[in-house]
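Contents: one structure, followed by commentary.
The values are calculated or read from the model by the stated rules, or taken from the named source; none is laboratory data. Quick caveat: nothing in here was measured; it's all calculated off a predicted structure. Here the Cβ positions follow ideal geometry from the backbone for every residue, glycine too, while neighbour counts run over all protein chains shown. Ligands, DNA and RNA are excluded from the accessible area calculation, which covers all protein heavy atoms including side chains. Shrake-Rupley method; radii C 1.70, N 1.55, O 1.52, S 1.80 Å.
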Amino acid sequence: CTPAGEDEAVYVEQSGTSQRRPFERRVLVEIVTARAREILGLALDAIEEAVPLSRLHSGIVLTGGGAKLDGLTDFTKKLAGNAPVRVGIPEPFPGLGDVLAGPEFATSAGLLRFGVRLRDQEGVAAETGDLRKLFKSFSSIFSAKAERTETN
């Protein structure tokens, strides 16, 4: 979502091969910006149905892997009439270190926190052991990711 120079190129892998070929960054920016405008437009319309953007004093929080897109925060701010916009990053989760540190893990981290809070408040999940199984699954996934990250 940031402007590109006329001669800038990015290298993309061709589908089904490991070969990389140059691609005009300007064209990529046009494609990505159009899709971002479309998706954000739908999201902002849904927000406006619930509450006027002018009343969102805490602003808009972008999460998910797409939140890492260069220039998306400023682009969203323009589309939202200068409403405050930021990228949401999960707080550290005990026992997982910084494995959940990116915005792409915001939903997973939020659901984990919700599950833990539910377990602590109601004890329902603790009785069935379901939450414990879920937490172990998440831990093993993120442990594997951390190991892959350390070796790369």
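For a paramagnetic label modelled on residue 57 (point 7 Å from Cα along Cα→Cβ), amide N atoms under 20 Å away belong, within region 70-91, to 81-86. In region 29-87, the ratio of gyration radius to Kirkwood radius, Rg to Rh, stands at 0.94 when only Cα atoms are counted. Spin-label model, residue 98 to residue 116: label points 7 Å out along the Cα-to-beta-carbon direction sit 1.9 nm apart.
Counting only heavy atoms of protein chains, what accessible area per residue, in Å², does region 1-53 have with a probe of 1.4 Å?
Solvent-accessible surface per residue comes out at 74 Å².
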